[in-house]
1. Can you work out the FRET efficiency for the pair S77 and E110, with r the C-beta to C-beta distance and R0 = 41 Å, to the nearest 0.05?
2. Determine, for Y24, Y43, the number of other Cβ atoms within 10 Å of each Cβ, and report the residues in order from fewest to most.
3. Give the order of H45, H112 when sorted by the count of other beta carbons within 10 angstrom, beginning with the fewest.
4. Residue separation times 0.36 nm, minus the C-alpha to C-alpha distance between Y24 and Q42: what's the value?
5. Please find the FRET efficiency linking I125 to I101, where r is the Cβ-Cβ separation and R0 is fixed at 25 Å, and quote it to the nearest 0.05.
6. Only counting other Cβ atoms within 10 Å, I'd like S64, S77, S95 sorted with the fewest neighbours first.
7. Please compute the volume of the convex hull spanned by the alpha-carbon atoms of the chain and report it per residue in Å³.
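Where a number appears in this text, it was derived from the coordinates with a stated rule and is not lab data. Quick caveat, the model's predicted, so the values are computed rather than measured. Note: ideal-geometry Cβ built from the backbone for every residue, glycine included; neighbour counts use all protein chains shown.
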Amino acid sequence: MSEGLARLMLLMKTSEWDFPNKPYDLRERLFIFACTITRLVQYLHTCGPVAIKLSPQLLECGTSSAANYEEADDGSSPRDRLAKRKIVLRELKESRLRLRILRTTGLLTEAHDPVIQESDELVRIVARLIHKTQI
């Protein structure tokens with residue numbers, strides 16, 4: 001497959017980056033976010049050397065939030081669960097920052113704004129969950 005055809009296949013319409021039916025279950029929502037980040041990294045690999053260099057960092061933090069949330073449920077104590085949820089929050093904040101950097105530098109377009117918005121919403125949800133746990 002030619003590079004041009006591969007790039008064309010990875011370029012997605014705006015609607016394909018949307019999150020139209022967001023699940024209520026946070027675990028499922030984080031899973032969908034991780035899958036979207038994985039697709040986004042595939043797209044970034046068609047955008048040149050800088051995007052390729054930045055994409056592994058996004059892949060790490062963007063997928064680890066879902067994995068860490070899964071681990072948080074298996075925490076050995078409420079304190080352990082809270083610590084693991086804080087890791088989820090840190091990973092989501094890093095994802096949001098990296099997405100914003102990619103958008104501001106033009107490596108992501110307006111079509112990818114729903115992914116950035118989803119990262120922001122997930123940060124707020126997890127932060128609120130942590131806050132409620134600490135009260």
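1. Given R0 = 41 Å and the Cβ-Cβ separation, E is 0.40.
2. On the way: Y24 6, Y43 20.
Arranged by neighbour count, lowest to highest, Y24, Y43 become Y24, Y43.
3. H45, H112
4. Full-extension gain reported as 3.8 nm.
5. On the way: r = 22 Å, r/R0 = 0.89.
So the FRET efficiency works out to roughly 0.65.
6. Details: S64 20, S77 8, S95 29.
In order of increasing Cβ crowding within 10 Å: S77, S64, S95.
7. Convex hull of Cα atoms, per residue: 105 Å³.
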